[in-house]
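Each reported figure results from applying straightforward, stated rules to the coordinates on display, with no laboratory input. Keep in mind that this is a model prediction, so the values were computed, not measured. Here Cβ is always computed from backbone atoms with ideal geometry, including for glycine, and neighbour counts include all displayed protein chains.
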Amino acid sequence: GNDNGDGGTAKVNGQESCAAAAVPYSKIRPLNSADEELYDAMNRTLWKRIEQEVGFAAELAEFRRLQAGVTTLCGRAATSSAATSAASPPPPPDAKDPIARTCYFMQLSSARFLDFFRSQTPSAAP
């Protein structure tokens with residue numbers, strides 16, 4: 001379904017939610033109007049601030065350039081290493097290979113990074 005108010009169903013993480021799939025978006029929207037108004041106001045404010053920010057376009061272009069470079073570099077590192085999957089990245093590479101180690105950490109979800117970080121941090125328990 002879609003969520004443009006024409007009776008489509010709501011989606012959660014790109015997939016139709018079991019509970020939401022039974023309720024058309026057109027029925028949810030009136031109940032959610034305060035959230036939508038807050039979102040719209042914050043979105044307008046954000047774009048006004050971005051327009052006023054000196055150098056934002058250049059900074060964004062530089063970020064995109066760096067992101068493309070890292071994506072290319074990490075893509076090469078992933079294809080040259082053992083088979084990997086997004087659901088289960090390989091264990092952290094040897095610290096002697098800084099590119100592979102950096103790419104490993106950049107590909108982790110926030111939750112997986114925290115799990116790894118916690119596993120490396122000594123416990124404060126007595």
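Within 10 Å, count the other beta carbons around each residue, average over each peptide in 97-104, 31-38, and list them highest first.
Most protected by this proxy first, the peptides run 97-104, 31-38.
Using the Karplus curve 6.51 cos²θ - 1.76 cosθ + 1.60 with θ = phi - 60°, what ³J(HN,Hα) values do you get for each residue of segment 38-44, in whole Hz, with x for Gly and Pro?
4, 4, 4, 5, 5, 5, 4
Set the Förster distance to 41 Å, then compute FRET efficiency between E37 and S119 from the Cβ-Cβ distance, nearest 0.05.
Step by step, r from the Cβ atoms, then E = 0.45.
Fully extended, how many nm does the chain gain between R112 and D97 (0.36 nm per residue separation, minus their Cα-Cα distance)?
Between R112 and D97, full extension yields an extra 3.3 nm.
How much length is gained if the chain between F105 and T72 is pulled fully straight, taking 0.36 nm per residue apart and subtracting their Cα-Cα distance, in nm to one decimal?
In short, 10.3 nm is gained.
Report, by chain and number, residues whose modeled amide H sits under 5 Å from the one on V23, excluding near sequence neighbours (fewer than 5 apart, same chain).
Amide H neighbours of V23: A10.
If I model a spin label at S26 and R64 as a point 7 Å from the Cα along the Cα→Cβ vector, what separation in nanometres do I get?
About 3.8 nm separates the two model spin labels.
Once phi is turned into θ = phi - 60°, what whole-Hz ³J(HN,Hα) does the Karplus curve with 6.51, -1.76 and 1.60 give for every residue of segment 111-116, x standing for Gly and Pro?
Once rounded to whole Hz, the list reads 5, 5, 4, 4, 4, 4.
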